[in-house]
Amino acid sequence: GAVVSQHPSRVICKSGTSVKIECRSLDFQATTMFWYRQFPKQSLMLMATSNEGSKATYEQGVEKDKFLINHASLTLSTLTVTSAHPEDSSFYICSAREKQGSGTQYFGPGTRLLVL
Amino acid sequence: AQSVTQLDSHVSVSEGTPVLLRCNYSSSYSPSLFWYVQHPNKGLQLLLKYTSAATLVKGINGFEAEFKKSETSFHLTKPSAHMSDAAEYFCVVSPLGTYKYIFGTGTRLKVLA
């Protein structure tokens, strides 16, 4: 149980385009989902916390207009990188916390974004 | 402020020998503590978690960790390393009353044949 999927697993796009990444909890309802960014050989950096039906809470230094987050249902959250630039290239990982459960987060497999 | 420190960025062990990955935390109250493993280009897998129950926590794949409040430590151990254990390991603290995670900087475990 507690499986989280992400789609796509890998995406290459041109500079200036927008990219949408989906995060789904497959076998549980997720009240809260989290979006992280991971640079090569570094730890995870929390970008934003997404609660179903409400606006996401962004961490300091993360541009909310650039990284649009939508959490329309208890099993789906999306991250859209708008007007992507090469510096947005990174590994993006989502996680989900069960609606009825402890604070444990279950992580998706990640999405590798490369902006040319 | 809450924080977590992983004392070693790299650890190398021979296959079949014990593994020790060190983690210290700072927290005003008893936090929840987790260890996750990440294989290359993969997401994170939960190894084990401490949530104020038993201080010795057993996880998957033979790993365990002991919560020591007096030392503010939560070190990860395994009696005998396997080649498949080679990966990046993250110690995580989640402060009481929040669901946010604070990640350590990670320890890369290398297992030598």
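In chain B, with Lys and Arg counted as +1 and Asp and Glu as -1 at Cβ, which of these residues, B:Ser27, B:Thr5, B:Ser70, has the Cα nearest the positive end of the dipole, that is, farthest along it?
B:Ser27
Output ³J(HN,Hα) for region B:97-112: one whole-Hz value per residue in order, computed from phi by the Karplus curve 6.51 cos²θ - 1.76 cosθ + 1.60 with θ = phi - 60°, and x for Gly and Pro.
x, 10, 10, 6, 9, 10, 8, x, 7, x, 10, 8, 9, 10, 10, 8
Check which residues have an amide H placed less than 5 Å from A:Ala48's amide H, if you skip close sequence neighbours.
A:Trp35, A:Glu59
Rounded to the nearest 0.05, what FRET efficiency do B:His82 and A:Leu114 give with R0 = 30 Å and r taken as the Cβ-Cβ distance? Could you check?
After rounding, the FRET efficiency stands at 0.35.
From the cross-link list A:Lys20/B:Lys68; B:Lys69/B:Lys110; A:Lys55/B:Lys110, which pairs have alpha carbons spaced over 32 Å apart?
Going by Cα-Cα distance, A:Lys20/B:Lys68; A:Lys55/B:Lys110 fall outside the 32 Å limit.
Could you give the size of the charge dipole of the protein assembly as shown about its Cα centre, using +1 on the Cβ of each K and R and -1 on the Cβ of each D and E, expressed in debye and rounded to the nearest 20?
Using only the charged Cβ atoms, the result is roughly 140 debye.
For region B:55-113, what is the relative contact order in percent, using Cα pairs closer than 8 Å and at least 6 residues apart in sequence?
About 24 percent, as a whole number.
On full extension of the chain, what length is gained from A:Glu63 through A:Cys13, given 0.36 nm per residue of separation minus the C-alpha to C-alpha distance?
Going from the current span to full extension adds 16.0 nm.
Might you report the magnitude of the Cβ-based charge dipole of region B:1-91 about its Cα centre, with Lys and Arg at +1 and Asp and Glu at -1, to the nearest 20 debye?
Dipole about the Cα centre, nearest 20: 240 debye.
May I ask you to compute the full-extension gain from B:Tyr29 to B:Ala54, defined as 0.36 nm times their residue separation minus their alpha-carbon distance, rounded to one decimal in nm?
Stretched out fully, the B:Tyr29 to B:Ala54 stretch lengthens by 7.3 nm.
If one computes the Cα centroid of region A:5-63 and of region B:1-49, what distance in Å separates the two points?
A separation of 23 Å, based on Cα centres.
Under a 5 Å amide H to amide H cut-off, with H placed in plane at 1.01 Å, what residues pair with B:Thr105 once short-range neighbours are removed?
HN-HN under 5 Å from B:Thr105: B:Gln6.
The numbers here are math on the coordinates, done by the rules we state, and not lab data. Predicted model only: the values in this text are computed from it and were never measured. With ideal geometry, Cβ positions are generated from the backbone for all residues, glycine too; neighbour counts draw on all protein chains shown.
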